[in-house]
Amino acid sequence: MWRPALSGSLTSARARLRQAPLRLLFDRVAGASGTAVTPGAFWRGLRLASLDATLSDVPDSAANAAACGRSSNGTRPGPFPQVRLLALVECGTKAMIGAVFDSFAVGERTLAYRSPTFCTTARVWVPRLPTRDGG
């Protein structure tokens, strides 16, 4: 009889694998997949992609706290260490082109400049956003 795997067994399997096979898997499946006829994937012949970041809590351990750091409310540290993920995602398909992780203390711009995938894959166009006074 088939039963779904318990979350603890998945965590144990991932720990045994370490990161190399998971990195290989990501490298094989990551990438743009839209075509010229995919809605939202291109604009005037240019592939559209966006950068997005998120913070995730990681297990509370001395090693994770040292590697990732903790957020703070100004008076005390947060309950869990946090890691920042920055992803380059193709618009229209939501296919992940690249991703980079680091401590929560490392900003999104720094991560984007550090990643060779982001620097070599995309030409970045940033529109000038209006200021509060409309200028």
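The values are calculated or read from the model by the stated rules, or taken from the named source; none is laboratory data. All of these numbers come straight from a predicted model, not from anything done at the bench. Cβ: placed from backbone, ideal geometry, glycine included. Neighbour counts: every protein chain shown.
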Do we find that D133 is part of a strand (DSSP E or B), out of contact with any Ser or Thr (no Cβ under 6 Å at 6 or more places or on another chain) and modelled with pLDDT of 50 or more in this structure?
-> no
Test each condition in (1) of a type in the set (A, V, I, L, M, F, W, C); (2) under 16 Å from the mean Cα position of the chain (by Cα); (3) not in a strand (DSSP E or B) for V83 and report the one that comes out false.
-> (3)
Working only within region 52-71, note down all residues that are touching a strand residue (DSSP E or B) at 6+ places or on another chain (Cβ under 6 Å) and not acidic (D, E).
-> A53, T54, L55, S56, V58, N64, A65, C68, G69, R70, S71
So which of V89, V58, V100, V83 is within 24 Å of R47 (Cβ to Cβ) and either touching a helix residue (DSSP H, G or I) at 6+ places or on another chain (Cβ under 9 Å) or among the acidic types (D, E) (or both)?
-> V100
Give the residue that is surrounded by the fewest Cβ atoms within 10 Å (Cβ to Cβ), with candidates limited to residues of region 86-102 that are of a type in the set (G, A, S) and within 13 Å of the chain's Cα centre (by Cα).
-> A99
Filtered residue count, region 1-18, keeping only those that are hydrophobic (A, V, I, L, M, F, W, C) and either in a loop (DSSP other than H, G, I, E, B) or touching a residue at least 40 places away in the same chain (Cβ under 8 Å) (or both) | 4
Residues satisfying the stated conditions in region 19-44, i.e. more than 15 Å from A99 (Cβ to Cβ) and touching a residue at least 24 places away in the same chain (Cβ under 8 Å) | S33, G34, T38, P39, G40, A41, F42
Residue match in region 3-26 (condition: among the hydrophobic types (A, V, I, L, M, F, W, C) and in contact with a strand residue (DSSP E or B) (Cβ under 8 Å, 6 or more places away or on another chain)) = yes
Return a yes/no flag: does region 50-71 have any residue that is closer than 27 Å to M96 by Cα, in a helix (DSSP H, G or I) and touching a Phe, Trp or Tyr at 6+ places or on another chain (Cβ under 7 Å).
-> yes
Return the total of residues in region 86-99 being in contact with a Gly (Cβ under 6 Å, 6 or more places away or on another chain) and not in a strand (DSSP E or B).
-> 3
Filter pass, D60 being surrounded by fewer than 16 Cβ atoms within 10 Å (Cβ to Cβ), of a type in the set (D, E, K, R) and more than 20 Å from the chain's Cα centre (by Cα) = yes
Going through region 22-31 in order, the residues found to be assigned to a helix (DSSP H, G or I) and surrounded by 11 or more Cβ atoms within 10 Å (Cβ to Cβ) are L22, L25, F26, D27
